[in-house]
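Novice: The structure follows.
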Amino acid sequence: MHRLARLGLVLLALTVSVPPLGALPPEELDGISFADDPHMLFVPIEEIARTLGWETHFDQEEISLNGHLLDATHLRKLTNGTLLVPLDELQGAGGTITWSEDGMQALVASDNKNIAIQFANKRVEVDLANQRLRAYQGARLVLDSPISTGREGKKTPPGEFKAGPIKSPMHRSRLYHNAPMPWSVQVHENIFIHGFRKVPRHPSSHGCIRLPLTGANPAKWFYNWIDLGTPVSIKGHWPLATTASAPVRIEKSAPPARSFLRRVIIATVITIAGTLVIWFISRSGGKI
């Protein structure tokens with residue numbers, strides 16, 4: 001009886017502690033925002049469709065979400081081709097959107113599913129050792145691009161910085177003959193993140209961090225995404241020995257064993273011969 005009583009109390013406690021289905025906390029997603037339209041929040045189309053249980057349809061001219069034809073002019077892309085949809089389009093597709101009081105989170109509801117989409121903080125990581133730039137919004141990786149940083153003698157300084165205050169679609173270098181620097185974001189003094197036509201997989205700049213202008217144009221995408229004040233962390237060290245633009249140290253090989261032995265034998269013979277000559281002269285010196 002005592003065991004049954006204890007079991008009943010445990011079951012009662014579990015029943016009280018489990019919230020009803022309607023009170024389950026919503027799933028959370030980190031949204032993506034852009035500096036050129038900071039009040040608009042985006043999410044990947046396929047990700048939100050999968051989370052809400054909606055169907056998607058793609059063809060060359062039309063994209064629909066939950067039977068709703070999306071306005072292609074409102075969509076954006078990541079540089080890897082992932083399509084992004086603004087939250088306003090989710091409302092047109094049948095979702096109900098409720099914003100938090102501070103405007104930093106939207107609750108998207110559809111049927112019995114609730115998704116919290118938030119304006120997460122942005123940050124940038126510059127990896128000098130691997131020559132890559134990675135940009136995050138919350139836990140979401142939004143950009144992963146090759147870069148080219150400062151070569152030997154003009155190294156990009158490591159440290160913790162913030163984007164700005166200069167941000168310009170076309171900045172001109174005051175140090176290097178007014179050279180064009182498209183999609184420029186200042187990081188520290190004369191160090192900028194900017195676009196460049198050629199971005200080799202090794203340091204080659206005068207200290208700036210070069211992003212490609214080719215392909216999906218990561219330089220322009222990054223410029224449109226990053227906010228002034230976004231933390232930029234520059235870490236690591238490019239190994240000099242593997243830098244294409246830096247002199248490569250060539251170690252001298254050790255002399256062959258035979259050559260060394262030959263020199264020892266010659267030196268020994270010369271020493272013995274010299275000793276014999278001195279001895280002979282000293283012996284015959286008194287008779288001359």
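The values are calculated or read from the model by the stated rules, or taken from the named source; none is laboratory data. No experiment lies behind these values; they were computed from the predicted model shown. Here Cβ is always computed from backbone atoms with ideal geometry, including for glycine, and neighbour counts include all displayed protein chains. To get the accessible areas, we keep the full protein, side chains included, count just its heavy atoms, and leave off ligands, DNA and RNA. Shrake-Rupley method; radii C 1.70, N 1.55, O 1.52, S 1.80 Å.
Novice: Of these, R134, R140, which one is in contact (Cβ under 8 Å) with a residue 60 or more places away in the chain, open to solvent by 30 Å² or more (accessible area, probe 1.4 Å) and under 17 Å from L78 (Cα atoms)?
Specialist: The match here is R140.
Novice: Restricting attention to the range 58-84, report how many residues are touching a residue at least 60 places away in the same chain (Cβ under 8 Å) and at negative phi.
Specialist: 4
Novice: Report whether or not E152 is within 24 Å of D30 (Cβ to Cβ), acidic (D, E) and open to solvent by 60 Å² or more (accessible area, probe 1.4 Å).
Specialist: no
Novice: Residue under question is L211, and the condition is that it be at pLDDT 95 or above and open to solvent by 30 Å² or more (accessible area, probe 1.4 Å); does it hold?
Specialist: So L211 does not fit the description; no.
Novice: Within the range 90-111, restricting attention to residues that are open to solvent by 20 Å² or more (accessible area, probe 1.4 Å) and closer than 26 Å to L143 by Cβ, which residue is farthest from the chain's Cα centre (by Cα)?
Specialist: G103
Novice: Looking only at the range 231-251, decide whether some residue is among the aromatic types (F, W, Y) and either modelled with pLDDT of 95 or more or part of a strand (DSSP E or B) (or both).
Specialist: Checked against the condition, which is being among the aromatic types (F, W, Y) and either modelled with pLDDT of 95 or more or part of a strand (DSSP E or B) (or both), the range 231-251 yields no hits at all.
Novice: Something else: Within the range 30-83, count every residue that is more than 17 Å from I117 (Cβ to Cβ) and either open to solvent by 80 Å² or more (accessible area, probe 1.4 Å) or of a type in the set (F, W, Y) (or both).
Specialist: Going through the range 30-83 one residue at a time, the tally reaches 11.
Novice: Going through P165, P157, P180 one at a time, which residue ends up being out of contact with any strand residue (DSSP E or B) (no Cβ under 6 Å at 6 or more places or on another chain), open to solvent by 20 Å² or more (accessible area, probe 1.4 Å) and within 27 Å of L41 (Cβ to Cβ)?
Specialist: P165
Novice: Suppose the filter is touching a strand residue (DSSP E or B) at 6+ places or on another chain (Cβ under 6 Å), aliphatic (A, V, I, L, M) and open to solvent by 40 Å² or more (accessible area, probe 1.4 Å); does L87 pass it?
Specialist: In short, no.
Novice: Taking the range 68-97, which residues are modelled with pLDDT under 95 and polar (S, T, N, Q)?
Specialist: T73, Q91, T96
Novice: Still on this structure, please answer the following. Quick one: would you say E125 is of a type in the set (D, E, K, R) and surrounded by 15 or more Cβ atoms within 10 Å (Cβ to Cβ)?
Specialist: Against the criterion (of a type in the set (D, E, K, R) and surrounded by 15 or more Cβ atoms within 10 Å (Cβ to Cβ)), E125 qualifies.
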